[in-house]
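The values are calculated or read from the model by the stated rules, or taken from the named source; none is laboratory data. From a predicted model like this one, the values you see are computed outputs, not experimental measurements. Because the Cβ atoms are built from the backbone with ideal geometry, glycine has one as well, and the counts that use them run over all protein chains shown. For the accessible areas, the whole protein counts, side chains as well, though only heavy atoms, and no ligand, DNA or RNA atoms are used. Shrake-Rupley method; radii C 1.70, N 1.55, O 1.52, S 1.80 Å.
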Amino acid sequence: MAARTRGAALWLCATVFLLEMAFCKGYVEDLDESFKDNRKDDIWLVDFYAPWCGHCKKLEPIWNEVGLEMKNIGSPVKVGKMDATSYSSIASEFGVRGYPTIKLLKGDLAYNYRGPRTKDDIIEFAHRVSGALIRPLPSQQMFEHVRKRHRVFFVYIGGESTLKEKYIDAASELIVYTYFFSASEEVVPEYVTLKEMPAVLVFKDETYFVYDEYEDGDLSSWINRERFQNYLTMDGFLLYELGDTGKLVAIAVIDEKNTSIEHTRLKSIIQEVARDYRDQFHRDFQFGLMDGNDYINTLLMDELTVPTVVVLNTSNQQYFLLDRQIKNTEDMVQFINSILDGTVEAQGGDSILQRLKRMAFDAKSTVVSIFKSSPIMGCFLFGLPLGVISIMCYGIYTADTDGGYIEERYEVSKSETESQEATEESRELQEPRSEQSLISARQEPKDVLEKKTD
(Lines give C-alpha, C1' and ligand atoms only; values in the text may rest on other atoms or scores of the structure.)
Protein backbone atom coordinates (compact mmCIF):
# COMPACT_ATOMS: atom_id res chain seq x y z
CA MET A 1 0.00 0.00 0.00
CA ALA A 2 2.81 2.40 0.95
CA ALA A 3 4.67 1.55 -2.24
CA ARG A 4 1.56 2.35 -4.33
CA THR A 5 1.09 5.67 -2.54
CA ARG A 6 4.74 6.57 -3.07
CA GLY A 7 4.51 5.66 -6.75
CA ALA A 8 1.35 7.72 -7.21
CA ALA A 9 3.01 10.70 -5.53
CA LEU A 10 6.05 10.43 -7.79
CA TRP A 11 3.80 10.17 -10.84
CA LEU A 12 1.86 13.23 -9.74
CA CYS A 13 5.06 15.24 -9.17
CA ALA A 14 6.41 14.25 -12.58
CA THR A 15 3.12 15.22 -14.23
CA VAL A 16 3.06 18.60 -12.49
CA PHE A 17 6.69 19.23 -13.48
CA LEU A 18 6.00 18.40 -17.14
CA LEU A 19 2.90 20.61 -17.13
CA GLU A 20 4.89 23.48 -15.62
CA MET A 21 7.61 23.09 -18.24
CA ALA A 22 5.03 23.05 -21.03
CA PHE A 23 3.32 26.07 -19.46
CA CYS A 24 6.64 27.97 -19.29
CA LYS A 25 7.49 27.10 -22.88
CA GLY A 26 4.24 28.70 -23.95
CA TYR A 27 5.68 32.13 -23.14
CA VAL A 28 8.84 31.67 -25.22
CA GLU A 29 8.22 32.08 -28.94
CA ASP A 30 10.06 30.01 -31.54
CA LEU A 31 11.27 32.52 -34.12
CA ASP A 32 11.77 32.02 -37.86
CA GLU A 33 12.60 34.15 -40.93
CA SER A 34 9.55 36.37 -40.47
CA PHE A 35 11.17 37.72 -37.31
CA LYS A 36 13.57 39.77 -39.43
CA ASP A 37 10.73 41.91 -40.79
CA ASN A 38 8.56 42.10 -37.66
CA ARG A 39 11.10 42.51 -34.86
CA LYS A 40 11.02 46.35 -34.79
CA ASP A 41 7.36 46.32 -33.75
CA ASP A 42 8.28 45.15 -30.24
CA ILE A 43 11.19 44.87 -27.80
CA TRP A 44 12.62 41.35 -27.94
CA LEU A 45 14.82 39.31 -25.64
CA VAL A 46 16.17 36.53 -27.84
CA ASP A 47 18.26 33.43 -27.17
CA PHE A 48 20.23 32.38 -30.26
CA TYR A 49 21.04 28.70 -29.75
CA ALA A 50 22.30 25.57 -31.47
CA PRO A 51 20.48 22.23 -30.93
CA TRP A 52 23.75 20.35 -30.27
CA CYS A 53 25.14 22.93 -27.78
CA GLY A 54 25.40 21.67 -24.19
CA HIS A 55 25.34 25.18 -22.67
CA CYS A 56 22.20 25.94 -24.70
CA LYS A 57 20.44 22.88 -23.28
CA LYS A 58 21.44 23.96 -19.79
CA LEU A 59 20.01 27.43 -20.40
CA GLU A 60 16.69 26.17 -21.81
CA PRO A 61 14.79 25.64 -18.51
CA ILE A 62 16.10 28.97 -17.18
CA TRP A 63 14.99 30.67 -20.39
CA ASN A 64 11.49 29.22 -20.02
CA GLU A 65 11.33 30.62 -16.48
CA VAL A 66 12.42 34.02 -17.79
CA GLY A 67 9.58 33.95 -20.32
CA LEU A 68 7.03 33.08 -17.65
CA GLU A 69 8.29 35.73 -15.20
CA MET A 70 8.31 38.49 -17.84
CA LYS A 71 4.72 37.61 -18.73
CA ASN A 72 3.59 37.56 -15.09
CA ILE A 73 5.02 41.00 -14.27
CA GLY A 74 3.50 42.52 -17.40
CA SER A 75 6.80 43.42 -19.04
CA PRO A 76 6.62 44.89 -22.56
CA VAL A 77 9.61 42.73 -23.50
CA LYS A 78 8.78 39.62 -25.51
CA VAL A 79 10.91 36.53 -25.00
CA GLY A 80 11.89 34.30 -27.91
CA LYS A 81 14.49 31.84 -29.13
CA MET A 82 15.96 31.13 -32.54
CA ASP A 83 17.87 28.14 -33.90
CA ALA A 84 20.94 29.95 -35.21
CA THR A 85 22.00 26.93 -37.26
CA SER A 86 18.72 26.84 -39.20
CA TYR A 87 18.54 30.62 -39.66
CA SER A 88 22.23 31.36 -39.94
CA SER A 89 21.79 34.44 -42.14
CA ILE A 90 19.65 36.19 -39.50
CA ALA A 91 22.04 35.13 -36.74
CA SER A 92 24.99 36.50 -38.72
CA GLU A 93 23.14 39.78 -39.24
CA PHE A 94 22.90 40.17 -35.46
CA GLY A 95 26.57 39.30 -34.97
CA VAL A 96 26.05 35.88 -33.36
CA ARG A 97 29.42 34.12 -33.15
CA GLY A 98 28.88 31.65 -30.30
CA TYR A 99 26.14 29.71 -28.54
CA PRO A 100 24.12 30.57 -26.62
CA THR A 101 24.01 34.31 -27.40
CA ILE A 102 21.45 36.48 -25.59
CA LYS A 103 20.49 39.80 -27.14
CA LEU A 104 17.90 42.45 -26.40
CA LEU A 105 16.64 44.00 -29.63
CA LYS A 106 15.17 47.47 -29.33
CA GLY A 107 14.41 49.23 -32.60
CA ASP A 108 17.61 49.36 -34.62
CA LEU A 109 19.74 48.63 -31.55
CA ALA A 110 20.98 45.24 -30.36
CA TYR A 111 22.42 44.82 -26.85
CA ASN A 112 24.53 41.80 -25.89
CA TYR A 113 24.03 40.18 -22.50
CA ARG A 114 27.35 39.20 -20.86
CA GLY A 115 26.25 38.49 -17.29
CA PRO A 116 25.63 35.26 -15.36
CA ARG A 117 23.03 33.00 -16.93
CA THR A 118 20.56 33.08 -14.06
CA LYS A 119 16.89 34.03 -14.21
CA ASP A 120 17.18 37.08 -11.96
CA ASP A 121 20.25 38.48 -13.73
CA ILE A 122 18.72 38.07 -17.19
CA ILE A 123 15.44 39.71 -16.11
CA GLU A 124 17.35 42.59 -14.50
CA PHE A 125 19.25 43.09 -17.75
CA ALA A 126 15.99 43.14 -19.74
CA HIS A 127 14.44 45.75 -17.40
CA ARG A 128 17.52 47.96 -17.49
CA VAL A 129 18.06 47.97 -21.24
CA SER A 130 14.41 48.03 -22.35
CA GLY A 131 13.67 51.19 -20.34
CA ALA A 132 14.84 54.76 -20.79
CA LEU A 133 18.56 55.25 -21.37
CA ILE A 134 18.72 58.04 -18.76
CA ARG A 135 16.06 57.75 -16.04
CA PRO A 136 15.05 61.01 -14.31
CA LEU A 137 14.93 61.31 -10.50
CA PRO A 138 12.27 63.93 -9.81
CA SER A 139 12.37 63.83 -5.98
CA GLN A 140 14.49 62.92 -2.96
CA GLN A 141 12.09 60.06 -2.18
CA MET A 142 12.71 58.58 -5.61
CA PHE A 143 16.45 59.09 -5.14
CA GLU A 144 16.39 57.17 -1.84
CA HIS A 145 14.31 54.41 -3.41
CA VAL A 146 16.89 53.99 -6.19
CA ARG A 147 19.78 54.08 -3.70
CA LYS A 148 18.25 51.24 -1.65
CA ARG A 149 17.45 49.15 -4.69
CA HIS A 150 20.71 49.40 -6.65
CA ARG A 151 24.16 48.64 -5.32
CA VAL A 152 25.87 50.75 -7.98
CA PHE A 153 24.34 53.54 -10.11
CA PHE A 154 25.43 56.74 -11.84
CA VAL A 155 23.79 60.16 -11.70
CA TYR A 156 24.24 63.26 -13.85
CA ILE A 157 23.46 66.47 -11.97
CA GLY A 158 22.93 69.70 -13.86
CA GLY A 159 21.45 71.11 -17.06
CA GLU A 160 22.41 70.85 -20.69
CA SER A 161 26.18 70.74 -21.24
CA THR A 162 29.00 69.02 -23.10
CA LEU A 163 29.43 66.75 -20.08
CA LYS A 164 25.81 65.61 -20.42
CA GLU A 165 26.39 64.70 -24.07
CA LYS A 166 29.39 62.59 -23.05
CA TYR A 167 27.28 61.05 -20.29
CA ILE A 168 24.57 60.05 -22.79
CA ASP A 169 27.18 58.53 -25.13
CA ALA A 170 28.70 56.52 -22.27
CA ALA A 171 25.24 55.35 -21.14
CA SER A 172 24.34 54.12 -24.63
CA GLU A 173 27.47 51.93 -24.54
CA LEU A 174 27.40 50.75 -20.93
CA ILE A 175 23.65 50.44 -20.20
CA VAL A 176 24.14 46.66 -20.47
CA TYR A 177 26.11 46.79 -17.19
CA THR A 178 24.59 49.45 -14.93
CA TYR A 179 21.88 52.10 -14.44
CA PHE A 180 22.09 55.77 -15.43
CA PHE A 181 20.01 58.56 -13.88
CA SER A 182 19.76 62.34 -14.02
CA ALA A 183 18.66 64.77 -11.31
CA SER A 184 18.66 68.42 -10.32
CA GLU A 185 20.84 69.76 -7.53
CA GLU A 186 17.81 70.03 -5.19
CA VAL A 187 17.15 66.29 -5.39
CA VAL A 188 20.66 65.31 -4.28
CA PRO A 189 20.95 64.39 -0.57
CA GLU A 190 22.51 66.95 1.78
CA TYR A 191 25.55 64.77 2.51
CA VAL A 192 26.65 65.11 -1.13
CA THR A 193 29.13 67.96 -1.62
CA LEU A 194 29.75 69.28 -5.13
CA LYS A 195 32.57 71.70 -5.93
CA GLU A 196 31.21 72.55 -9.38
CA MET A 197 28.28 71.93 -11.67
CA PRO A 198 27.44 69.99 -13.80
CA ALA A 199 28.80 66.77 -12.30
CA VAL A 200 28.67 63.00 -12.68
CA LEU A 201 28.59 60.85 -9.53
CA VAL A 202 28.69 57.14 -8.81
CA PHE A 203 26.92 55.88 -5.69
CA LYS A 204 28.21 52.61 -4.22
CA ASP A 205 29.57 51.07 -1.01
CA GLU A 206 27.37 53.44 1.06
CA THR A 207 29.22 56.48 -0.26
CA TYR A 208 29.78 58.35 -3.53
CA PHE A 209 32.60 59.45 -5.84
CA VAL A 210 32.66 62.45 -8.14
CA TYR A 211 34.08 62.26 -11.65
CA ASP A 212 37.13 64.48 -12.15
CA GLU A 213 38.05 64.91 -15.79
CA TYR A 214 41.68 65.84 -15.03
CA GLU A 215 42.35 62.90 -12.68
CA ASP A 216 40.01 60.27 -14.10
CA GLY A 217 40.40 60.89 -17.84
CA ASP A 218 37.74 59.76 -20.28
CA LEU A 219 34.22 59.64 -18.78
CA SER A 220 33.28 56.34 -20.42
CA SER A 221 36.48 54.67 -19.15
CA TRP A 222 35.86 56.03 -15.64
CA ILE A 223 32.31 54.65 -15.61
CA ASN A 224 33.58 51.28 -16.81
CA ARG A 225 36.11 51.21 -13.94
CA GLU A 226 33.66 52.33 -11.27
CA ARG A 227 30.70 50.09 -12.16
CA PHE A 228 31.81 47.47 -9.63
CA GLN A 229 31.59 47.56 -5.86
CA ASN A 230 34.93 47.99 -4.15
CA TYR A 231 34.77 44.56 -2.45
CA LEU A 232 33.34 41.51 -4.23
CA THR A 233 33.21 37.74 -4.06
CA MET A 234 35.30 36.72 -7.06
CA ASP A 235 34.82 34.01 -9.66
CA GLY A 236 36.17 33.39 -13.15
CA PHE A 237 33.44 35.36 -14.91
CA LEU A 238 33.87 38.43 -12.68
CA LEU A 239 37.65 38.40 -13.11
CA TYR A 240 37.13 38.36 -16.86
CA GLU A 241 34.83 41.40 -16.59
CA LEU A 242 37.34 43.23 -14.38
CA GLY A 243 39.92 42.91 -17.15
CA ASP A 244 38.29 45.89 -18.92
CA THR A 245 38.68 48.19 -15.91
CA GLY A 246 42.48 48.38 -15.92
CA LYS A 247 42.52 47.98 -12.13
CA LEU A 248 44.69 45.60 -10.11
CA VAL A 249 42.64 43.01 -8.25
CA ALA A 250 43.73 42.13 -4.69
CA ILE A 251 42.18 38.79 -3.71
CA ALA A 252 42.19 36.96 -0.40
CA VAL A 253 42.25 33.28 -1.39
CA ILE A 254 40.83 31.29 1.50
CA ASP A 255 38.74 28.23 2.31
CA GLU A 256 35.32 29.44 3.44
CA LYS A 257 34.70 26.18 5.28
CA ASN A 258 37.88 26.64 7.29
CA THR A 259 37.17 28.70 10.41
CA SER A 260 40.76 28.89 11.65
CA ILE A 261 42.30 32.23 12.68
CA GLU A 262 44.52 32.51 9.58
CA HIS A 263 41.59 32.29 7.15
CA THR A 264 39.24 34.62 9.03
CA ARG A 265 42.00 37.17 9.74
CA LEU A 266 43.05 37.46 6.10
CA LYS A 267 39.43 37.89 5.00
CA SER A 268 38.89 40.65 7.58
CA ILE A 269 42.11 42.44 6.56
CA ILE A 270 41.08 42.63 2.90
CA GLN A 271 37.63 43.92 3.87
CA GLU A 272 39.12 46.58 6.16
CA VAL A 273 41.55 47.82 3.50
CA ALA A 274 38.73 48.01 0.92
CA ARG A 275 36.59 50.01 3.36
CA ASP A 276 39.05 52.20 5.27
CA TYR A 277 41.46 52.99 2.40
CA ARG A 278 38.81 53.44 -0.27
CA ASP A 279 39.78 57.01 -1.14
CA GLN A 280 43.45 56.07 -1.40
CA PHE A 281 43.19 52.93 -3.53
CA HIS A 282 39.81 52.85 -5.32
CA ARG A 283 41.24 54.33 -8.56
CA ASP A 284 43.89 51.61 -8.86
CA PHE A 285 42.63 48.59 -6.94
CA GLN A 286 39.67 46.26 -6.75
CA PHE A 287 39.38 44.08 -3.64
CA GLY A 288 37.72 40.74 -3.21
CA LEU A 289 37.52 37.23 -1.82
CA MET A 290 37.81 33.86 -3.57
CA ASP A 291 36.77 30.57 -2.02
CA GLY A 292 39.37 27.93 -2.85
CA ASN A 293 42.48 28.07 -5.02
CA ASP A 294 41.49 25.88 -7.99
CA TYR A 295 40.75 28.72 -10.40
CA ILE A 296 43.72 30.82 -9.24
CA ASN A 297 46.06 27.85 -9.66
CA THR A 298 44.86 27.45 -13.24
CA LEU A 299 45.24 31.17 -13.89
CA LEU A 300 48.75 31.36 -12.42
CA MET A 301 49.85 27.87 -13.56
CA ASP A 302 51.13 27.38 -10.03
CA GLU A 303 50.04 25.82 -6.74
CA LEU A 304 49.14 28.48 -4.15
CA THR A 305 49.01 27.63 -0.47
CA VAL A 306 45.73 28.68 1.17
CA PRO A 307 45.19 31.14 2.81
CA THR A 308 47.11 33.77 0.88
CA VAL A 309 46.77 37.04 -0.99
CA VAL A 310 47.43 37.44 -4.71
CA VAL A 311 47.21 40.64 -6.73
CA LEU A 312 46.20 40.17 -10.38
CA ASN A 313 46.63 42.49 -13.33
CA THR A 314 43.87 41.02 -15.49
CA SER A 315 44.71 43.25 -18.45
CA ASN A 316 48.15 41.67 -19.09
CA GLN A 317 47.99 38.47 -16.97
CA GLN A 318 50.71 39.58 -14.56
CA TYR A 319 50.42 38.83 -10.85
CA PHE A 320 52.10 39.68 -7.55
CA LEU A 321 52.61 37.25 -4.67
CA LEU A 322 53.17 38.10 -1.02
CA ASP A 323 56.74 39.02 -0.10
CA ARG A 324 55.93 39.31 3.60
CA GLN A 325 53.65 37.91 6.27
CA ILE A 326 50.34 39.75 6.56
CA LYS A 327 49.45 40.11 10.23
CA ASN A 328 47.34 43.26 10.13
CA THR A 329 45.91 45.99 7.92
CA GLU A 330 49.16 48.00 7.96
CA ASP A 331 51.09 45.07 6.49
CA MET A 332 48.55 44.80 3.68
CA VAL A 333 48.73 48.55 2.95
CA GLN A 334 52.55 48.38 2.81
CA PHE A 335 52.34 45.45 0.38
CA ILE A 336 49.96 47.37 -1.89
CA ASN A 337 52.16 50.48 -1.81
CA SER A 338 55.17 48.30 -2.68
CA ILE A 339 53.32 47.12 -5.79
CA LEU A 340 52.46 50.69 -6.78
CA ASP A 341 56.06 51.92 -6.40
CA GLY A 342 57.50 48.89 -8.24
CA THR A 343 59.31 47.32 -5.29
CA VAL A 344 57.50 43.98 -5.66
CA GLU A 345 58.42 42.18 -8.88
CA ALA A 346 55.59 41.19 -11.22
CA GLN A 347 55.38 37.58 -12.38
CA GLY A 348 53.64 36.00 -15.35
CA GLY A 349 52.57 38.23 -18.24
CA ASP A 350 51.56 37.68 -21.85
CA SER A 351 54.97 37.25 -23.51
CA ILE A 352 55.53 34.58 -26.18
CA LEU A 353 57.23 32.32 -23.63
CA GLN A 354 54.31 32.64 -21.24
CA ARG A 355 51.86 31.91 -24.04
CA LEU A 356 53.73 28.74 -24.96
CA LYS A 357 53.79 27.77 -21.31
CA ARG A 358 50.05 28.42 -21.12
CA MET A 359 49.41 26.21 -24.17
CA ALA A 360 51.42 23.36 -22.64
CA PHE A 361 49.70 23.80 -19.27
CA ASP A 362 46.21 23.84 -20.84
CA ALA A 363 46.99 20.73 -22.89
CA LYS A 364 48.25 18.91 -19.81
CA SER A 365 45.24 20.02 -17.76
CA THR A 366 42.86 18.84 -20.48
CA VAL A 367 44.45 15.40 -20.67
CA VAL A 368 44.50 15.01 -16.87
CA SER A 369 40.87 16.12 -16.53
CA ILE A 370 39.75 13.66 -19.22
CA PHE A 371 41.50 10.74 -17.53
CA LYS A 372 40.16 11.77 -14.10
CA SER A 373 36.57 12.11 -15.27
CA SER A 374 36.54 9.07 -17.58
CA PRO A 375 39.64 6.83 -17.71
CA ILE A 376 38.08 4.57 -20.37
CA MET A 377 37.26 7.51 -22.61
CA GLY A 378 40.78 8.88 -22.07
CA CYS A 379 42.32 5.57 -23.08
CA PHE A 380 40.11 5.47 -26.16
CA LEU A 381 40.83 9.06 -27.23
CA PHE A 382 44.57 8.85 -26.79
CA GLY A 383 45.17 5.11 -27.13
CA LEU A 384 43.45 4.73 -30.50
CA PRO A 385 45.57 7.36 -32.33
CA LEU A 386 48.73 6.01 -30.72
CA GLY A 387 47.78 2.51 -31.81
CA VAL A 388 47.15 3.62 -35.38
CA ILE A 389 50.47 5.49 -35.45
CA SER A 390 52.27 2.42 -34.05
CA ILE A 391 50.76 0.18 -36.73
CA MET A 392 51.76 2.64 -39.44
CA CYS A 393 55.33 2.84 -38.12
CA TYR A 394 55.53 -0.94 -37.90
CA GLY A 395 54.25 -1.25 -41.46
CA ILE A 396 56.79 1.26 -42.72
CA TYR A 397 59.60 -0.49 -40.85
CA THR A 398 58.67 -3.97 -42.10
CA ALA A 399 58.24 -2.64 -45.64
CA ASP A 400 61.77 -1.22 -45.55
CA THR A 401 63.15 -4.51 -44.20
CA ASP A 402 61.48 -6.58 -46.95
CA GLY A 403 62.73 -4.16 -49.56
CA GLY A 404 66.26 -4.51 -48.23
CA TYR A 405 65.92 -8.28 -48.31
CA ILE A 406 64.71 -8.19 -51.89
CA GLU A 407 67.53 -5.84 -52.79
CA GLU A 408 70.00 -8.15 -51.09
CA ARG A 409 68.59 -11.15 -52.93
CA TYR A 410 68.77 -9.19 -56.16
CA GLU A 411 72.36 -8.27 -55.51
CA VAL A 412 73.22 -11.89 -54.66
CA SER A 413 71.50 -13.24 -57.76
CA LYS A 414 73.22 -10.57 -59.82
CA SER A 415 76.64 -11.58 -58.45
CA GLU A 416 75.82 -15.22 -59.11
CA THR A 417 74.84 -14.36 -62.67
CA GLU A 418 78.02 -12.43 -63.18
CA SER A 419 80.08 -15.33 -61.81
CA GLN A 420 78.26 -17.74 -64.10
CA GLU A 421 78.87 -15.49 -67.07
CA ALA A 422 82.56 -15.24 -66.10
CA THR A 423 82.71 -19.06 -65.85
CA GLU A 424 81.13 -19.46 -69.25
CA GLU A 425 83.51 -16.94 -70.76
CA SER A 426 86.48 -18.79 -69.25
CA ARG A 427 85.09 -22.03 -70.65
CA GLU A 428 84.70 -20.46 -74.05
CA LEU A 429 88.29 -19.23 -73.86
CA GLN A 430 89.47 -22.67 -72.78
CA GLU A 431 87.60 -24.48 -75.57
CA PRO A 432 89.58 -22.87 -78.46
CA ARG A 433 92.76 -23.61 -76.59
CA SER A 434 91.80 -27.29 -76.25
CA GLU A 435 90.86 -27.44 -79.91
CA GLN A 436 94.27 -25.99 -80.80
CA SER A 437 95.96 -28.52 -78.55
CA LEU A 438 94.02 -31.35 -80.25
CA ILE A 439 95.02 -30.05 -83.65
CA SER A 440 98.62 -29.80 -82.53
CA ALA A 441 98.34 -33.27 -81.06
CA ARG A 442 97.04 -34.59 -84.32
CA GLN A 443 99.75 -32.79 -86.25
CA GLU A 444 102.53 -34.29 -84.07
CA PRO A 445 102.07 -37.97 -85.24
CA LYS A 446 101.98 -36.75 -88.83
CA ASP A 447 105.27 -35.00 -88.36
CA VAL A 448 106.72 -38.04 -86.68
CA LEU A 449 105.60 -40.28 -89.57
CA GLU A 450 107.11 -37.89 -92.07
CA LYS A 451 110.41 -38.01 -90.22
CA LYS A 452 110.32 -41.79 -90.14
CA THR A 453 109.60 -41.93 -93.87
CA ASP A 454 112.61 -39.73 -94.46
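Below, the figures for the structure above:
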{"read-out": "Å² per residue, accessible surface of region 231-349 at 1.4 Å", "value": "48 Å²"}
{"read-out": "Estimated FRET transfer efficiency (residue 238, residue 398; beta-carbon r; R0 41 Å; 0.05)", "value": "0.10"}
{"read-out": "3J(HN,Hα) from dihedral phi, region 326-339, Karplus parametrisation 6.51/-1.76/1.60, rounded to Hz, x for glycine, proline", "value": "9, 9, 8, 5, 4, 4, 5, 5, 5, 5, 5, 5, 5, 5"}
{"read-out": "³J(HN,Hα), Karplus 6.51/-1.76/1.60, whole Hz, each residue of region 78-85, x for Gly, Pro", "value": "8, 10, x, 9, 9, 6, 5, 7"}
{"read-out": "Calculated from backbone phi, Karplus (6.51, -1.76, 1.60) coupling profile of region 35-49 in Hz, x at Gly/Pro", "value": "4, 4, 8, 9, 5, 6, 6, 9, 9, 10, 10, 10, 9, 8, 10"}
{"read-out": "About the Cα centre, charge dipole magnitude for region 241-384 (Lys/Arg +1, Asp/Glu -1 at Cβ), debye", "value": "360 debye"}
{"read-out": "Length added when fully stretched, residue 57-residue 280, from 0.36 nm per residue minus Cα-Cα", "value": "75.7 nm"}
{"read-out": "Prolate/oblate/rounded call for region 132-227, Cα gyration tensor, a/c under 1.5 rounded", "value": "rounded"}
{"read-out": "Tensor-based shape of region 231-349 (alpha-carbon gyration tensor, a/c under 1.5 rounded, otherwise prolate or oblate)", "value": "rounded"}
{"read-out": "Unsatisfied cross-links (Cα-Cα over 26 Å) in the set 247/364; 40/81; 195/267; 106/164", "value": "247/364; 195/267"}
{"read-out": "Descending Cα extents along the principal axes, region 29-114, whole Å", "value": "32, 28, 23"}
{"read-out": "Percent carbon-and-sulfur accessible area, region 231-349, ignoring ligands, DNA and RNA, probe 1.4 Å", "value": "43 percent"}
{"read-out": "Approximate spin-label separation residue 108-residue 206, in nm, with each point projected 7 Å along Cα-to-Cβ", "value": "4.7 nm"}
{"read-out": "FRET efficiency for residue 352 and residue 302, using Cβ-Cβ distance with R0 set to 22 Å, rounded to 0.05", "value": "0.70"}
{"read-out": "Relative contact order (%) - region 132-227, alpha-carbon pairs under 8 angstrom, separation at least six", "value": "37 percent"}
